[in-house]
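Student: I have a structure here, written as structure tokens, and I will follow up with some questions on it.
The values are calculated or read from the model by the stated rules, or taken from the named source; none is laboratory data. These numbers come from a predicted model, not from an experiment. Neighbour counts run over all protein chains shown; Cβ positions are idealised from the backbone, glycine included. Accessible surface is based on the protein model in full, side chains and every heavy atom, while ligands, DNA and RNA are left aside. Shrake-Rupley method; radii C 1.70, N 1.55, O 1.52, S 1.80 Å.
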Amino acid sequence: MSRNTQNTLSTASSSSSPPPMIPFTPPPPPSVAAPALIITTESASTSPTRSAPSPTAIASTSYFDASPAPSTSPAPSASASPAPSASLAPAPSSSPSPSLFNNSALLVSAEPEKSSFPMDQQANQFMCIANMKACHFEESNRAPMDVVLVLDRSGSMLGDKLKTLQQSVNLMIDHLRSTDRLAIISYDEKVQIHSKLVLMDQIGKQRARAATQEITARGATNLSGALLTAFDMIEETQQTANPIRSVLLMTDGLANHGIVNSQKLLQVTSNRLAELPQRPSVYCFGYGSEADSTLLTSIAARGNGAYYFCETIDSIPLAFADCLGGLMSVVAQNIIVTVTSVSPDITINNIFTNFPIETVTAGKEYSIAVGDLFSEEERDILIDLKLPQVSTASELQPLIDVHVRYFNVLESQTWRAATSTGVARTAQREATRTVKISDHVDFHRNRVRTAQAMAEARRLGDAGMVDRARALLEETRQAIQTSISAPRSHFLVGDLDSCAQAMQTPQTYQQTAASRLVAKSQKHWNQRSCESNEVHLNAYATSYKKDSISRFSSK
């Protein structure tokens with residue numbers, strides 16, 4: 001199988017040119033009905049062959065929760081062979097209540113952008129969505145964590161930055177449980193292990209606070225050495241590993257000791273993570289404009305984590321709080337989504353995602369490694385199809401099957417879930433019938449457009465074309481505001497405005513906008529809050545993250 005890690009997948013070309021932007025689709029004429037969804041359900045037996053959707057379903061949008069896949073291994077594994085299909089239970093058309101998860105961590109659904117499409121027409125671009133929604137669970141049920149802190153103590157950290165960082169670490173220690181383990185590593189040109197992974201009982205917390213306070217600022221920045229030391233520590237403790245394992249890397253500058261070439265450092269990071277039987281997530285925190293936001297974002301992406309741009313010293317504890325709130329609410333790990341075209345005549349043109357993609361069969365089947373989900377989070381994979389003309393009308397033309405395999409942290413088992421979707425193909429005489437347009441699909445088209453525009457604006461800004469970058473953000477903003485889902489896309493517009501306002505001059509672009517563009521583009525690609533400023537909390541912020549930020553802010 002081949003691998004494609006760009007943020008779109010193109011089956012038509014394998015060139016290295018930038019991926020295509022999603023074209024703007026104008027809103028429907030007034031005669032088209034307001035956006036709506038028809039929710040249908042289906043069931044599946046334990047046989048690998050799933051029952052066909054109801055022939056009366058026009059827009060087939062199905063929510064399912066799944067039973068565990070047979071497995072004798074308690075450890076998560078993305079490479080394990082697929083388990084037989086499980087019994088699936090339907091959920092309602094509204095947001096599912098916790099009881100409907102039936103101990104599963106995820107609900108899975110899929111839907112088309114339109115409920116029907118003329119049989120005598122070909123669609124070169126027809127969008128569908130595959131959605132995963134994580135359950136809500138009580139914090140008392142959360143899994144124990146292993147957290148390795150990797151703290152920059154170079155000379156530039158001297159003063160308030162280091163003091164605030166130490167205070168933030170102490171707040172984190174306060175919120176860890178006796179079943180959690182914490183390690184502390186600091187680095188300048190040398191790497192020092194202050195504390196190995198130890199339980200955060202009363203004695204462990206006392207030692208961790210003492211280790212934090214002994215860190216003093218001096219020297220250069222051996223980021224590579226510190227990161228690799230953290231990975232070694234993860235490997236050395238794998239026999240006693242907690243279910244959630246994470247490395248938190250903090251820096252305020254460029255790597256100037258050890259491996260300083262970004263591409264080489266990324267390759268070493270990828271190779272080392274691949275060697276670990278139980279890979280940790282990696283979260284990177286960059287303080288100020290001197291930190292290499294591109295490098296830190298790339299490191300975090302390879303570790304299925306996130307990058308936090310801390311614009312001010314005051315944002316450091318808020319970034320810690322947001323990250324901790326996520327780690328304390330992981331419900332699903334090693335999520336693999338397989339999307340399959342169910343008809344020889346239907347082609348998958350593109351899959352718009354920033355997650356790694358593997359090609360199973362070009363144009364027909366793809367596997368996406370989504371990583372993990374926190375409680376209440378959602379992931380939406382936007383899928384671009386080519387639909388052929390058909391000779392006869394039908395109430396439902398099947399389009400795609402979606403299969404999800406993941407490790408259920410709450411149950412310590414590997415689980416599966418599956419669903420499918422289709423579209424009605426209408427005859428000429430039915431052309432005037434009402435077409436239902438999916439507000440959900442249109443919103444995620446806007447989300448992807450936003451992420452793409454921010455990434456392209458960063459490229460233009462780095463090339464000195466700040467005016468063109470700002471104009472691109474404004475064009476994207478205007479397109480979103482005239483779209484069907486404009487009322488629910490307000491925070492996308494807000495982020496576009498925030499970035500545009502920070503790039504009025506080349507100087508402000510370098511000081512703020514460059515890093516902000518990277519962080520916000522990543523946020524929208526991954527649908528994960530990674531904010532270091534509580535004013536910017538958005539629709540991706542879960543209740544656990546909000547509670548964590550509230551607790552940190554009150555200290």
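Student: Determine Rg/Rh for region 130-253; Rg is computed over alpha-carbon atoms and Rh is the Kirkwood hydrodynamic estimate from the same atoms.
Tutor: That ratio is 1.01, to two decimals.
Student: Related question: Distance in nm between label sites at Lys196 and Glu411, each 7 Å beyond Cα in the beta-carbon direction?
Tutor: Result: 3.6 nm between the two label points.
Student: So for the pair Gln206, Val342, with labels modelled 7 Å out along Cα→Cβ, what separation do we get in nm?
Tutor: Going from the Gln206 label point to the Val342 one covers 6.3 nm.
Student: Using a/c under 1.5 as the rounded threshold, could you call region 363-465 rounded, prolate or oblate? The axes a ≥ b ≥ c are square roots of the C-alpha gyration tensor eigenvalues, and prolate needs a/b larger than b/c, oblate otherwise.
Tutor: Cα axes put region 363-465 in the oblate bin.
Student: If packing is taken as the mean number of other Cβ atoms within 10 Å per residue, what is the order of 520-527, 209-216, highest first?
Tutor: Ranked by mean Cβ neighbours within 10 Å, highest first: 520-527, 209-216.
Student: Write down the accessible area per residue of region 352-474 in Å², having rolled a 1.4 Å probe over the full set of protein chains.
Tutor: Each residue of region 352-474 exposes 33 Å² on average to a 1.4 Å probe.
Student: Using a/c under 1.5 as the rounded threshold, could you call region 307-414 rounded, prolate or oblate? The axes a ≥ b ≥ c are square roots of the C-alpha gyration tensor eigenvalues, and prolate needs a/b larger than b/c, oblate otherwise.
Tutor: prolate
Student: Could you give the length gained by full extension between Asn170 and Lys546, i.e. 0.36 nm per residue of separation minus their alpha carbon distance, to one decimal place?
Tutor: So the chain would gain 133.5 nm between Asn170 and Lys546.
Student: Rounded, prolate or oblate: which fits region 159-199, taking a ≥ b ≥ c as square roots of the Cα gyration tensor eigenvalues, rounded meaning a/c under 1.5, else prolate when a/b beats b/c?
Tutor: It comes out oblate by the Cα gyration axes.
Student: Could you order the peptides 202-208, 382-388, 183-189 from most to least packed, using the average number of other C-beta atoms within 10 Å per residue?
Tutor: 183-189, 382-388, 202-208
Student: Determine the dipole magnitude for region 318-461: charges of +1 sit on the beta-carbon of Lys and Arg, -1 on that of Asp and Glu, nothing else is charged, the reference point is the Cα centre, and the result goes in debye to the nearest 20.
Tutor: 480
Student: Near Lys205, which aspartates and glutamates are there with a Cα under 15 Å away, not counting those fewer than 8 places off in the same chain?
Tutor: Candidates past the 8-residue exclusion: Asp146, Asp174, Asp180, Glu214.
Student: Counting only the heavy atoms of the protein chains, how much of Ser270 is accessible to a 1.4 Å probe, in Å² to the nearest 10?
Tutor: 40
Student: What is the percent carbon and sulfur in the accessible area of region 125-275, measuring with a 1.4 Å probe over the protein chains and ignoring ligands?
Tutor: Heavy-atom surface of region 125-275 belonging to carbon and sulfur, 1.4 Å probe: 48 percent.
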